[in-house]
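Below is one structure, written out as structure tokens; comments come after it.
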Amino acid sequence: MHNETFVPTLATIEDIRQETPDIRSLRIVLDDEGFRQNFTFKHGQFCLISVFGAGEAVFCLASPPLWKDFVEITVKEVGKVTSAIHDLEVGDKVGFRGPYGNSFPFEENFGRNIVFVGGGIGIAPLRPLIWQTLAERHKFKDVYIIYGARSVSDLVYKEDLRKWASRDDIKLTTTVDPGGEDEAWQGEVGLVPQILEKVSPPTDSVLVTCGPLVMMKFVFLSARKLGFDPNDVITTLEMKMKCGVGTCGRCNIGNKYVCRDGPVFRLAEMEKLPNEF
Ligand SMILES: Cc1cc2nc3c(=O)[nH]c(=O)nc-3n(C[C@H](O)[C@H](O)[C@H](O)COP(=O)(O)OP(=O)(O)OC[C@H]3O[C@@H](n4cnc5c(N)ncnc54)[C@H](O)[C@@H]3O)c2cc1C
Ligand code: FES
């Protein structure tokens with residue numbers, strides 16, 4: 001068993017997609033065939049990727065479990081390990097451990113409207129849940145996706161966005177910050193929380209959100225203002241982590257370990273935690 005231990009398993013980079021100037025997605029194949037065939041995870045879980053000579057860092061699993069035989073991660077270059085990942089090429093080896101953490105609720109939302117609200121690379125943890133929701137589309141009422149980035153070139157998953165835009169069973173709204181639009185831009189211009197208020201989805205929906213902390217704080221305020229129940233507003237948190245399995249104490253907020261008790265939390269739960277995130 002590789003998950004629940006600190007021992008990474010070897011994996012090979014099968015494909016690399018440059019999403020934006022500083023964000024790339026990697027398709028990773030676990031080398032051990034037995035482990036690969038039995039490997040599964042839930043939407044919202046994360047993994048740790050190690051680059052030899054550079055170290056280990058945490059990334060959400062950004063492809064849905066229904067895409068078999070590989071996983072995707074989407075990595076923003078911010079420091080030592082993420083820069084080393086940006087230097088990797090197809091065929092290179094990394095260490096992989098996981099999956100870790102809890103997951104987004106899924107079955108309990110059958111029959112409801114779902115609203116996904118993402119900002120920048122923050123759509124990465126929502127992506128598996130979006131694709132799973134679309135695979136079982138008939139089990140949900142309306143599906144809204146509101147996604148924004150600072151500028152057109154900062155939007156990730158442009159191919160996914162094209163696919164979602166072409167479907168008439170998704171209400172997709174894309175937005176960029178004022179000044180981030182180009183001549184060809186046909187989406188909204190405005191900050192994600194403002195666009196959420198403009199779209200004003202039904203407040204008996206489940207709202208799942210992830211993005212920069214400042215965006216999420218305003219999304220929570222907008223959701224409250226629109227009348228959403230804080231039990232129906234769900235997010236995933238990014239605290240600094242080391243072990244990933246609840247032993248090092250690096251990621252705690254109050255008495256919760258984000259790696260073990262999260263990273264997925266409901267707004268109702270977060271409102272009871274110290275404001276340390
Ligand atoms: C549950 C979880 C899921 C994540 N998913 C993704 C993902 O899908 N894609 C992605 O690009 N990143 C993700 N991150 C953040 C990622 O783990 C950090 O960016 C990475 O560890 C930075 O490592 P580094 O060695 O490149 O940076 P360092 O050299 O260690 O630091 C560079 C800068 O990044 C900051 N930093 C380091 N770790 C974190 C962190 N955990 N959160 C925020 N800032 C940090 C440091 O304070 C510093 O300013 C996730 C983090 C968590 C906890
Ligand atoms: S990362 Fe070690 S306790 Fe959470």
Model label zone, F35; criterion: amide N under 18 Å from point 7 Å along Cα-to-beta-carbon; scope segment 221-265: 243-245
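For L66 and F110, what is the calculated FRET efficiency with R₀ set at 25 Å and r taken between the beta-carbons, to the nearest 0.05?
Details: r = 17 Å, r/R0 = 0.66.
With R0 = 25 Å, the Cβ-Cβ based efficiency is 0.90.
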Interchain or long-range residues, amide H under 5 Å from D142's placed H: N113, I114
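Among DSSP bridges having both ends in the chain, what percentage is antiparallel? Round to the nearest 5. Can you show the working numbers first?
On the way: 33 of 55 bridges.
Percent antiparallel among DSSP bridges in the chain is about 60.
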The chain - Rg and Dmax from Cα coordinates, angstrom: 18.2, 52
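Based on the Cα gyration tensor of segment 9-100, what are the three equivalent ellipsoid semi-axes, each the root of five times an eigenvalue, rounded to whole Å and given largest first?
Details: eigenvalues 76, 39, 31 Å².
Here the semi-axes work out to 20, 14, 12 Å.
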Pairwise centroid distance, computed over Cα atoms, of segment 63-125 with segment 192-267, Å: 16
Burial order of peptide ranges 59-72, 241-254 (average beta-carbon count within 10 Å, highest first): 59-72, 241-254
Debye, to nearest 20: dipole size of the chain, +1 on Lys, Arg Cβ, -1 on Asp, Glu Cβ: 600
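Using 1/(1 + (r/R0)^6) with R0 = 35 angstrom and r between the beta carbons of K225 and D160, what's the FRET efficiency to the nearest 0.05? Kindly include the intermediate steps, with their values, before the conclusion.
Working: r = 29 Å, r/R0 = 0.83.
Taking R0 as 35 Å, the efficiency between K225 and D160 is 0.75.
Restricting to DSSP H runs of at least four residues, report the calculated mean residue ellipticity at 222 nm for the chain, -39500 (n - 2.57) per run over all residues, nearest 500 deg cm²/dmol. Can you show the working numbers first?
Numbers: 8 runs with 61 residues, N = 277.
Roughly -6000 deg cm²/dmol at 222 nm, from the helical runs in the chain.
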Whole-percent carbon and sulfur share, accessible surface of the chain, 1.4 Å: 50
Degrees, to the nearest 10: 213-226 long Cα axis against longest axis of the chain: 40
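Counting Lys +1, Arg +1, Asp -1, Glu -1, what net charge surrounds G55 among other residues with beta carbon under 12 Å of its beta carbon?
Numbers: positive: K80, K242; negative: E56.
Around G55, the surrounding residues sum to +1.
What number comes out for accessible area per residue over the chain if the probe is 1.4 Å? Units Å², please.
In whole numbers, the chain has 46 Å² accessible per residue.
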Those Cys residues of the chain for which no other cysteine Cβ falls under 4.7 Å: C47, C60, C210, C251, C259
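Give the value in nm², to one decimal: projected area of the alpha carbon convex hull of segment 93-234, averaged over all directions.
Numbers: hull surface 39.1 nm².
Average of the hull's projected areas for segment 93-234 equals 9.8 nm².
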Proximal charge balance of R17 [Cβ under 12 Å; K/R count +1, D/E count -1]: -3
Environment charge at I145 (Cβ cut-off 13 Å; Lys +1, Arg +1, Asp -1, Glu -1): +2
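The values are calculated or read from the model by the stated rules, or taken from the named source; none is laboratory data. Since this is a predicted model, take the numbers as computed values, not measurements. Positions of Cβ are generated from backbone atoms using ideal geometry, with glycine treated the same way; all protein chains shown enter the neighbour counts. Heads up: the accessible areas ignore ligands, DNA and RNA and are worked out on the full protein's heavy atoms, side chains in. Shrake-Rupley method; radii C 1.70, N 1.55, O 1.52, S 1.80 Å.
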